[in-house]
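The values are calculated or read from the model by the stated rules, or taken from the named source; none is laboratory data. The model shown is predicted, which means the values in this text are computed figures rather than measured ones. So basically every Cβ, Gly included, is an ideal-geometry build from the backbone, and we count neighbours across all protein chains shown. In case anyone asks, the SASA skips ligands and DNA or RNA and just uses the protein heavy atoms, side chains included. Shrake-Rupley method; radii C 1.70, N 1.55, O 1.52, S 1.80 Å.
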Amino acid sequence: MKILVLNCGSSSIKYKLYDMKDESVLAQGGVERIGLDEAFIKVKLPNGEKKQIMADLPTHKEGVALVFKVLLDSEIGALKSLDEIDAVGHRVVQGGDLFEKSCIVTKEVEDGIESLIDLAPVHNAGHLRGLRAVDALMPHTPQVTVFDNAFHSTMPDYAYLYAVPYDLYKKYHVRRYGFHGTSHRYVSHRVCEMLGVDIKTQKIITCHIGNGASVAAVKNGKVIDTSMGLTPLAGLMMGSRSGDIDPSAVTYLMEKLGKQPQEMADFLNKESGVLGITGISSDMRDIENADNEGNKLAHLALQMYAYRIKKYIGAYAAAMNGVDIIVWTAGVGENQTGLRWDVCQDMEYLGIKLDKKRNEVRGEEQILSTDDSKVKVVLVPTDEEIVIARDTQELVKDLKK
């Protein structure tokens, strides 16, 4: 079975084509700047090189059509016919409390995703455009949606509710949902495979640390808490997101800066976090370089960043009455060795001891803790796409029965 995985954003489409016989990647790439000037597709070739092709892409329909065209290209493609694609799996950020697991796309599912656009305006609108583009171009090919917050749906109500009038939850679905769930799901299961333990017996803290970042507490295979909230803005300090902030500070700044609600949301999402503190960049590599050159604000940002991750690890260890495994994943978590070291220092009371030499690894599966560390600290590169492909395969198999 061949599965095409799509991740459609507001102006982009990332794709991977899998042969599920051995889960090999047949093709991958991304479309960028849909609806804008100088749109293009970037294709990763089998030899590792990348090829960029410019195109006129007014909508997602043209973007998806370009992906199909590239997949069929005699020189750089991987298919002879689109009929070889058995199903298409989509990442969808916000499933609200309508969708607690992956599902086959129907008109009702599309309507449900559309009804949740207010909770994730940029993301869900883009996902929906991608779904409908595939629908128009390949109407007989089954599609599956895999929801970013679904893995977090096991959170108890006392963890996900905000302390505002309960009617607001019932009327407007105001609650904590959490995100990066597909990544947290993958690495929590994968680390147990690596260590030869049963996830149903483990207390795991998964740290998905990228430009967007979140931490999850996974107890006996189920999420009991996670750092993001109604939107991906809550929780940790991130590349350009503020993370947790006193709501009164938000209204105070709106008044002082003369910002309307959407302008303030953009400010906290796009101009804050590491970028806001340093004024340099939202990329942690740039911040580490600036710190090495003696930039004091870069050093401060790194301290703030690590401190907040440390606090969440401590909180989730308390919530689970201990921790057996801590997992690092995503771009920053997999590659910023200094960050991992700083976070795990002075946590011996929890039984955490990092091995300095082991911690030097980047982007590879590796146990990072010492042999006598009570808590296993492990690097597990995330693979959200394969989770989407596997869910799609399982649901399509059931559909064909």
Only listed residue being in contact with a His (Cβ under 9 Å, 6 or more places away or on another chain), among the β-branched types (Val, Ile, Thr), modelled with pLDDT of 95 or more and assigned to a helix (DSSP H, G or I), chosen from Val215, Val191, Val187, Val250: Val187
Yes/no for Lys357 being out of contact with any Leu (no Cβ under 9 Å at 6 or more places or on another chain) and outside the structural domain of Leu26 (by the TED database): yes
Verdict on Ala249 being free of Cβ contacts under 8 Å to residues at least 12 places away in the same chain, of a type in the set (A, V, I, L, M, F, W, C) and open to solvent by 20 Å² or more (accessible area, probe 1.4 Å): yes
Any hit, region 124-131, residues being assigned to a helix (DSSP H, G or I), modelled with pLDDT of 90 or more and open to solvent by 80 Å² or more (accessible area, probe 1.4 Å): no
Test: Val164 is without any contact (Cβ under 8 Å) to a residue 24 or more places away in the chain, closer than 25 Å to Pro247 by Cα and of a type outside the set (Phe, Trp, Tyr): yes
Residue check for Arg358: over 20 Å from the mean Cα position of the chain (by Cα), within 30 Å of Asp198 (Cβ to Cβ) and modelled with pLDDT of 95 or more: yes
Filtered residue count, region 1-39, keeping only those that are surrounded by fewer than 17 Cβ atoms within 10 Å (Cβ to Cβ), part of a strand (DSSP E or B) and small (Gly, Ala, Ser): 1
Close pairs from region 27-45: first within 20 Å of Leu82 (Cβ to Cβ) and without any contact (Cβ under 8 Å) to a residue 40 or more places away in the chain, partner of a type in the set (Lys, Arg) and buried (at least 19 other Cβ atoms within 10 Å of the Cβ), Cβ under 6 Å, at least 6 apart: Gln28/Lys16
Among residues of region 271-294, those that are more than 18 Å from Ala330 (Cβ to Cβ), buried (at least 16 other Cβ atoms within 10 Å of the Cβ) and of a type in the set (S, T, N, Q), counted: 2
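Every residue, every condition in (1) surrounded by fewer than 15 Cβ atoms within 10 Å (Cβ to Cβ); (2) more than 21 Å from Gln393 (Cβ to Cβ); (3) modelled with pLDDT under 90, yes or no:
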residue: Ile41; (1), (2), (3): no, yes, no
residue: Lys44; (1), (2), (3): no, yes, yes
residue: Glu49; (1), (2), (3): yes, yes, yes
residue: Leu57; (1), (2), (3): no, yes, no
residue: Phe68; (1), (2), (3): no, no, no
residue: Ser74; (1), (2), (3): yes, yes, yes
Residues of region 348-361 satisfying the condition of being part of a helix (DSSP H, G or I), under 20 Å from Ala330 (Cα atoms) and not acidic (Asp, Glu): Arg358, Asn359
Count of residues meeting criterion [surrounded by fewer than 18 Cβ atoms within 10 Å (Cβ to Cβ) and part of a loop (DSSP other than H, G, I, E, B)] in region 143-173: 7
Residue in region 319-328 that is crowded, with 23+ Cβ neighbours inside 10 Å, under 22 Å from Asn211 (Cβ atoms) and in contact with a Gly (Cβ under 8 Å, 6 or more places away or on another chain) present: no
Filtered residues of region 272-293 (kept if more than 18 Å from Gly235 (Cβ to Cβ) and either more than 20 Å from the chain's Cα centre (by Cα) or at pLDDT 95 or above (or both)): Thr278, Gly279, Ile280, Ser281, Asp286, Ile287, Glu288, Asn289, Ala290, Asp291, Asn292, Glu293
Whichever residue in region 79-90 is touching a residue at least 60 places away in the same chain (Cβ under 8 Å) and open to solvent by less than 50 Å² (accessible area, probe 1.4 Å) and, among such residues, is farthest from Val105 (Cα to Cα): Leu79
Region 336-347: number of residues that are free of Cβ contacts under 8 Å to residues at least 40 places away in the same chain, in a helix (DSSP H, G or I) and surrounded by fewer than 21 Cβ atoms within 10 Å (Cβ to Cβ): 2
Which listed residue is open to solvent by less than 10 Å² (accessible area, probe 1.4 Å) and modelled with pLDDT of 95 or more, from Ile204, Ile224, Ile199: Ile204
